Amino acid sequence: MSKVKRKKVYGLAAEYDTAKGVYHACEKVRDAGYTVWDAHTPFPVHGLDKAMGLKPSVLPWIIFAMGMTGMTIGISLQYWTSVVDYPTIIAGKPLFSWQAFVPVTFELTILLSAFGAVFGMLGLNKLPQLYHPLFNLPAFSRVTDDRFFIAIEVDDPNYDETRTRKLLESTGAINVYEVED
Amino acid sequence: MGGHHKLTASTVPADQVELAKGSMWRKLPGIGLVLALAGLGGAFGIHSGNTKALHDAEAQFEAVRGEVLTAAGAEGAKQIEAAEKHFEEAQAHLEELKKNQAEIAGRREGAVAAVKGSPTPENKRHFTEVQQEFSDTTLAIVKARKALSHAVEGKEHAEEAVAQSVAPELAEKYEEAHKAELLAHNDVQQFWYSYLTAFMFFLSLGLGGLFFVIVQHLVRAGWSIVVRRIAENVAITLPAVCILGIPFLTHDVAHYLFHWTHSVAVEADQMLAWKQAYLNPEFFNIRMIAFMLIWSGLAYFFYSNSVASDTAPQAEVEKRFHRMRYMSAPALFLFALSATFGVFDLLMSLDPHWFSTMFGVYFFAGSAVTIHALLALLVLAFHQSGYLREVINIEHYHDLGKLMFGFTVFWTYIGFSQYFLIWYANIPEETMWFAYRIKDDFLALSVLLCLGRFAVPFFYLLRRPVKRNPMLLAVGAVIIVFMQFVDHYWLVQPVLAHHFAAESGSHHMELVVGAFDYLTLLGIGGVFIAAFGYATGRSCLIPRKDPRLTESLQFENF
């Protein structure tokens, strides 16, 4: 009747009950050389990015590139429409009146920068995500309340079930769970 | 958290926030006074020589003019007399029309009262007639002013024509004496234009400091408490700098600076005549005194309360901080209005035909970006001399950098909007102000302003690592403070260059940075440094009893 089904494992999740606990645990996981892992907290913890060894995000560069693209589009759009395609003299001013092009150029720079920021952030966070293995863990629901988690994935080159579990237990975790994928 | 230990209000080391006996900061008042004496002494020394030279040149010109009139004989005298008479007639005609208009205005009031009392057709007709008469006289006055302006020109032309009718040698002598007088007059004016430039630059630093202090109290900012005392010390330079503004209240100096103080020029110019109700020397002086009292009073209020709290018992400390927070909202109103109307008078009225309702905000935006740059530089100087280490850290630099960046964008937005609206509307008396700032030598200065105040600091300060490196941030801050001076030079000096180019007939505007510009900058800067140094030496380097000091010490950016 029971069919033995080999579980697919997502990784190991360690549960902590204080921000301080998860902070110092992150430092240990970082120092042990893990790369494919994440920390989950109910609120932003000051300096956690440093404790996790996170590199600065590439998001600012995406926003900058998008902004410059918007600027280029703004200038060329107006240049093409008012100088090349349909030249019209307005108020006796030159066809290429850069002053008049500034507001539209400015707005397009802002618009594409904002798009870059919002969609870049979503993309880098792999959002929207309709399914995440961590939600298979009933204890994980308290991450929006009073619990802190570290999850190390099996994809990490350093991952080894017993060694990783031992490491997490040594960081003062109140529980360490195996998470199904 | 954060891996390193941060100070709390009770663990701040005293030697970090109290100046040592022999500290170089204690020498600032002395250094400032020496600079002030050297700079202002030198500038006024050259200026008094120039004033004497102007009197000589005027006497010389009068003598040559006498010679020319004698040589020109009866025919020349008749020509000049005719022009003089024409001018006097035009003046008398204008006076008469003005008197007429006042009389008609009186009758119009009566007609209005009559219509209100009993709105009969007859009364209404009478009112319409008086109203028509009033409009006709107004139009006649506009024309009479134009005629007066022609009569002034006629006088000059008559002189020139007579000077050209005499022997070529004498005519040349006349021409030379005339030119010498113009040049001498320009030298005297140049001193006051340079003085005003330097005055406005240091005034804008003090006003920036005042704005910073007011706004930190108003928004109940936590991060800035450790740098607020430095800003208070910058703001308290205002009373000292304002004293240097007293010469502008005198008749002679105002005459060299402000075209609208010349009564004949105002009479012959309808636009200036309309503005006379506001732009006249008496009202100008009243306003100036009021603004200087407001600025000095606000600076003193925040400075004295904050310094007194350093040594006060706990209950009084809270009362003082509460008082400052309570006063910050009305103080901001007072600051905004006085700064706006103050620069209307001191800077905008240099070219009295021109007006821009955004001008006050333009000045404010420049001061706001500069005060954050100046604070970053002063903090760095304190760090280099061994003070405020750990008390002010990279997080505070980062915030100063963010505000430098933000206000750079704000300055650009305001500066461009002011230009853009005037460019689009294309009304001569408005575009003229920009037109002579992109003419001849001044085009390069305008381009420098756009690059140095927008493009360079914008892209330079855009990245986070630059704002979190004190040395890199200081480079940006130096650029910003330097450009604040360039901005004020750009606002003030083209007016004189434009005027001189027209008067001398060369029609080429020259940009010459001369001894007066350096000396007045040094001199007024000396007064600023002395006042700042005196304030710095008098008290603790941070408001050490601020109830939320720990919040500022432990502040961290995400």
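The values are calculated or read from the model by the stated rules, or taken from the named source; none is laboratory data. Since we're looking at a predicted model, the values are computed, not measured. As a convention, Cβ positions derive from the backbone with ideal geometry for all residues, glycine included, and neighbour counts pool all protein chains shown. These area figures cover heavy atoms from the full protein model, side chains too; ligands, DNA and RNA do not enter into them. Shrake-Rupley method; radii C 1.70, N 1.55, O 1.52, S 1.80 Å.
Listed by chain and number, the aspartates and glutamates whose C-alpha is less than 13 Å from the C-alpha of B:Lys6, apart from same-chain residues fewer than 8 away, are B:Glu390, B:Glu395, B:Glu551, B:Glu556. Annotation: amide H of A:Glu180 within the under-5 Å range of A:Tyr10, sequence separation 5 or more or interchain, hydrogens built in the peptide plane. Remark: accessible surface ordering of B:Glu58, B:Glu95, B:Glu81 (largest first) is B:Glu81, B:Glu95, B:Glu58, probe radius 1.4 Å.
Once you have the alpha carbon radius of gyration of the range B:429-495, what is it after dividing by 2.2 N^0.38 Å, with N set to its residue count?
In units of the 2.2 N^0.38 Å rule of thumb, it is 1.34.
Taking every C-alpha pair closer than 8 Å and separated by at least 6 residues, the mean separation divided by the residue count of chain B gives a relative contact order of 30 percent. Over all Cα atoms in the protein assembly as shown, the spread is summed up by Rg and Dmax: 35.0, 137 Å.
Among B:Tyr534, A:Tyr16, A:Tyr159, the sequence by solvent-accessible area, most first, with a 1.4 Å probe is B:Tyr534, A:Tyr159, A:Tyr16.
Please sort through the DSSP H helices of chain B and keep those with an alpha-carbon extent of at least 18 Å along the long axis and a Kyte-Doolittle average not below 1.0.
Once both thresholds are applied, what remains is B:359-384, B:470-504, B:515-538.
In straight-distance terms, cross-link reach from A:Lys7 covers every one of the lysines whose alpha-carbon lies under 22 Å from its own, apart from those fewer than eight places away in the same chain; here that gives A:Lys166. Checking the table A:Lys20/A:Lys55; A:Lys20/B:Lys402; B:Lys155/B:Lys275; B:Lys319/B:Lys402; A:Lys8/A:Lys50 against a 23 Å threshold on Cα-Cα, which pairs fail? Result: A:Lys20/B:Lys402; B:Lys155/B:Lys275; B:Lys319/B:Lys402; A:Lys8/A:Lys50 exceed 23 Å. A probe of 1.4 angstrom, applied to the heavy atoms of all protein chains, finds B:Trp260 with accessible area near 10 square angstrom.
This model, with +1 at the C-beta of Lys and Arg and -1 at the C-beta of Asp and Glu, gives chain B a dipole about its Cα centre of some 3480 debye.
Dimensions of the range B:49-139 from C-alpha coordinates, computed as largest minus smallest value along each principal axis and given longest first, are 69, 38, 15 Å. Every helix of 4 or more DSSP H residues in the protein assembly as shown counts as -39500 (n - 2.57), and over all residues that averages to -24000 deg cm²/dmol at 222 nm. Extents of the range B:102-195, taken as max minus min of Cα coordinates on every principal axis and listed largest first, are 74, 41, 14 Å.
Shape verdict for the range B:143-196, please, from the Cα gyration tensor: rounded (a/c under 1.5), prolate (a/b greater than b/c) or oblate. Since a/c reaches 1.5 but b/c is at least a/b, the shape of the range B:143-196 is classed as oblate. Based on every Cα atom in chain B, Rg and the maximum pairwise Cα distance Dmax equal 28.8, 97 Å. Computed over protein heavy atoms with a 1.4 Å probe, the carbon and sulfur contribution to the accessible area of the protein assembly as shown reaches 64%.
Largest accessible area first, the listed residues B:Leu377, B:Leu40 line up as B:Leu377, B:Leu40 when surface is computed with a 1.4 Å probe on the assembled protein chains. The packing ranking, built from the mean of other Cβ atoms within 10 Å per residue, places the peptides B:391-399, A:110-118 in the order B:391-399, A:110-118, highest first. Leaving ligands and nucleic acids aside, the A/B contact buries around 1400 square angstrom of accessible area in total at a 1.4 Å probe radius. Remark on B:Ile438: its backbone amide H falls under 5 Å from none of the residues 5 or more positions apart or on other chains, H modelled at 1.01 Å from N. Heavy-atom accessible area for B:Asp15, with the other protein chains in place and a 1.4 Å probe, reaches approximately 100 Å². With distances taken between every two different alpha-carbon atoms, the range A:59-124 has a Kirkwood hydrodynamic radius of 12.7 Å. Only protein heavy atoms count here; on that basis, with a 1.4 Å probe, B:Ile141 has an accessible area of about 10 Å².
Mean partner shielding of peptide A:41-54, defined as the number of other chain Cβ atoms within 10 Å of each residue Cβ, is 2. In this entry, the range B:90-133 is assigned a mean projected area of 2.8 nm², taken as a quarter of its C-alpha convex hull surface. Scattering from the range B:427-558 was approximated by placing one identical point on each alpha carbon and applying the Debye formula without solvent; log10 I(q)/I(0) at 0.11, 0.19 1/Å stands at -0.66, -1.17.
In percent, rounded to a whole number, the relative contact order of the range A:59-124 is 58, using alpha-carbon pairs under 8 Å and six or more apart. The tail of the calculated P(r) for the range B:244-285, taken as Cα-Cα distances beyond 17 Å, holds 27 percent of the pairs.
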